[in-house]
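Colleague: This is the structure, below, for whatever I ask next.
The values are calculated or read from the model by the stated rules, or taken from the named source; none is laboratory data. The shown structure was predicted, so the numbers you read here are calculated from the model rather than taken from an experiment. With ideal geometry, Cβ positions are generated from the backbone for all residues, glycine too; neighbour counts draw on all protein chains shown.
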Amino acid sequence: MVQENHKLILVLNCGSSSLKGALLDSINGELILSCLAEKLTTPEAYITFNYFENPKVQPIGRRSWFVNKAGGDKHRVELSGKTDHTGAVEALLEELKAHDLQGLVAAIGHRVVHGGEKYSGSVMITDDVIATLEECIPLAPLHNPANLTGIHAAQAIFPGLPNVGVFDTAFHQTMPEHAYTYAVPRELYRQYGLRRYGFHGTSYRYVAQAAADLLGKPLKDTALVIAHLGNGASVAAVLGGESKDTSMGLTPLEGLVMGTRSGDLDPGAYGFIEEATGMSAKEVTDMLNKKSGLLGISELSNDMRTIQEAAADGHEGAKLALEITAYRLAKYIASMSVATGRLDAVVFTGGIGENSSLIRAKTIGYLAILGLELDEEANEATRFGKAGIITRADRTPCALVVPTNEERMIAFDTRSLSGLESPAA
Ligand code: ADP
């Protein structure tokens, strides 16, 4: 429900062939509408719109739509003609116009993957910021160009609105030098910026505060290891609300086993694979990003639900994929507690962290050394958007599940930087 006098914040997250959008109430942070455009730049490009509440501003004499609170009205528009990001943003504008929502949009927040060393927080997008993001393209060649396309499209299609950039890397700029420096010739850092940056920062920022609230402690007093487990996955050591270390590095390939990404690998494997197969370095990188991880190990799927179902049916590859995922995750969680020095809680978030009681149980099973003991009932009950403690209540550290909400975090920053009042975080 869009309330009287409430402005809206549009959040855009552009991938190379996709665009995710969300429209949030700037005062209470409620999600009004989400959209997803896929297969962009191909003839099959389309965008789907999903309404979560029934906006007060009803369309009169226009297409009627039924909305329910649980899932909302969902409909799909084919992007014939203009199938790129600009076409998708134009379709979004038409959708907003059709529901008289366009005039309520006060600012646009953009998820930007790589801000290099320049940004330790969100910023208003200016020509200088755009120039810096262009400089960061070599650090994120797949992501930053798409993010920039979204920014340009938003500026052209919603002229006059403030645009804000919220960086995945910004939260990790507090990492100490000994955590972000690779043991390679220093010249590579000085000359090319080769260092560890970390990602998923917007999620960590949101989840750290929500976990502190759940623990009933001020954020500045908390020591957390947070595991963001989605298609991409990473772990971060968050002490007093600041990132001290994280498992992703120069690119989002380092660290955990992910849907299609290998995570850590002996750097010597590059030369080995090249010599053994004749693949180029670029092809090896592509394979490690797109054909490895759960998919590579199981030879079945990159999707955790499919892997779990297959493992339950006895599929050997799927069983192995689950075990490696949980084992590597547990090793990383233990190593991140070195960075925090002490530990209040291990926090699970992201599609897998929030829903896979199996991965959580296996991981905690490997972490007895930290004193974690699973509460099986709580673990099964804390899924599908629920937050809570899943280890024995009388123990510290505990393990928590906290649903992430990156869109809300982006809307929060966008609203404050645009000079509007902050929504309830
Ligand atoms: P993204 O990184 O693209 O935002 P998500 O955070 O949505 O991804 O996480 C996607 C992953 O979450 C997929 O591997 C999916 O299988 C997994 N997932 C979603 N629901 C469940 C579930 N009920 N049980 C196990 N895994 C799940």
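Colleague: With away from the ligand (no atom under 16 Å from the Cβ), in contact with a helix residue (DSSP H, G or I) (Cβ under 7 Å, 6 or more places away or on another chain) and modelled with pLDDT of 95 or more as the only criterion, which of LEU322, LEU372 stands out?
Modeller: LEU372
Colleague: Looking at (1) more than 24 Å from ALA411 (Cβ to Cβ); (2) more than 16 Å from the ligand (Cβ to nearest atom); (3) in contact with a helix residue (DSSP H, G or I) (Cβ under 9 Å, 6 or more places away or on another chain), which is the only condition GLU177 fails?
Modeller: It fails just one condition, (3).
Colleague: Moving to a separate point now. Name the residue, out of SER292, SER357, SER301, that is under 30 Å from THR396 (Cβ atoms) and under 21 Å from the mean Cα position of the chain (by Cα). Even if it seems obvious, please write down each step before you answer.
Modeller: Numbers: SER292 fails: under 30 Å from THR396 (Cβ atoms); SER301 fails: under 30 Å from THR396 (Cβ atoms).
Result of the check over SER292, SER357, SER301: SER357.
Colleague: If you check THR285, THR260, THR251, which single one turns out to be surrounded by fewer than 22 Cβ atoms within 10 Å (Cβ to Cβ), more than 14 Å from the ligand (Cβ to nearest atom) and not in a helix (DSSP H, G or I)? Give the steps one after another, and end with the answer.
Modeller: Working: THR285 fails: not in a helix (DSSP H, G or I); THR260 fails: more than 14 Å from the ligand (Cβ to nearest atom).
Criteria check complete, one pass: THR251.
Colleague: In addition: Taking the condition of being touching a Leu at 6+ places or on another chain (Cβ under 9 Å) and either in a strand (DSSP E or B) or under 22 Å from TYR180 (Cβ atoms) (or both), how many residues in segment 205-221 meet it?
Modeller: Within segment 205-221, residues that are touching a Leu at 6+ places or on another chain (Cβ under 9 Å) and either in a strand (DSSP E or B) or under 22 Å from TYR180 (Cβ atoms) (or both) number 2.
Colleague: Here's something else I'd like to know. Being farther than 30 Å from ILE47 by Cβ, surrounded by 15 or more Cβ atoms within 10 Å (Cβ to Cβ), out of contact with any Cys (no Cβ under 6 Å at 6 or more places or on another chain) and among the basic types (Lys, Arg) narrows it down to one residue among ARG186, ARG190, ARG196, ARG111; which is it? Show your work before the answer.
Modeller: Working: ARG186 fails: surrounded by 15 or more Cβ atoms within 10 Å (Cβ to Cβ); ARG190 fails: surrounded by 15 or more Cβ atoms within 10 Å (Cβ to Cβ); ARG111 fails: farther than 30 Å from ILE47 by Cβ.
Just one listed residue meets the conditions, ARG196.
Colleague: Among the residues of segment 376-396 satisfying the criterion of being within 15 Å of the ligand (Cβ to nearest atom) and free of Cβ contacts under 8 Å to residues at least 24 places away in the same chain, which is nearest to GLY350 (Cα to Cα)?
Modeller: The extreme case among them is LYS386.
Colleague: Next question, about the same structure. Take the residues in segment 340-354 that are in contact with a helix residue (DSSP H, G or I) (Cβ under 8 Å, 6 or more places away or on another chain) and in a helix (DSSP H, G or I), then tell me which one is farthest from the ligand (Cβ to nearest atom).
Modeller: Selected residue: GLY353.
Colleague: Is it the case that segment 254-261 has a residue that's of a type in the set (Ser, Thr, Tyr) and touching a residue at least 40 places away in the same chain (Cβ under 8 Å)?
Modeller: Checked against the condition, which is being of a type in the set (Ser, Thr, Tyr) and touching a residue at least 40 places away in the same chain (Cβ under 8 Å), segment 254-261 yields at least one hit.
Colleague: Can you name the residue in segment 103-125 that is part of a loop (DSSP other than H, G, I, E, B) and of a type in the set (Gly, Ala, Ser) and is also farthest from ILE27 (Cα to Cα) among such residues?
Modeller: Filtering first and then ranking leaves GLY116.
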